[in-house]
Amino acid sequence: MRDLPDDDSWITERRRVIGDRIRTERLHQNLTQDQVYLAAGLSRWTYQRVEAGEDWRSSTLLRIAWVLDLSLADLWE
């Protein structure tokens, strides 16, 4: 078992990496943000926050992963 770091900067960094991976995959599939957020049933604002690495709900991430045909492990690693 690992101890948590003294601050939460690792969480911010992990969210940024996940947002980058989503953006990269979206572009790889030649999709626009509009196509993804509409297919995922999200608002534009919510989707943009995910790609920007801001806070999101797990259900939001699951919706995006489903639309992009990714597993959560694909986004995490």
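The table that follows gives values for the structure above.
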| item | result |
| --- | --- |
| The chain: angle of helix 58-67 to the longest principal axis, Cα-based, in degrees nearest 10 | 40 degrees |
| Alpha carbon Rg of the chain, scaled by the compact-globule rule 2.2 N^0.38 Å | 1.12 |
| Local electrostatic count, S71, Cβ distance below 13 Å [Lys/Arg +1, Asp/Glu -1] | -3 |
| Computed helical MRE - 222 nm, the chain, DSSP H runs ≥ 4 contributing -39500 (n - 2.57), nearest 500 | -19500 deg cm²/dmol |
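No value in this document is a laboratory result; all are computed from the given coordinates. On a predicted model such as this, the values are computed, not experimentally measured, just so you know. Ideal geometry is used to build each Cβ from the backbone, glycine not excepted, and the neighbour counts take in all protein chains shown.
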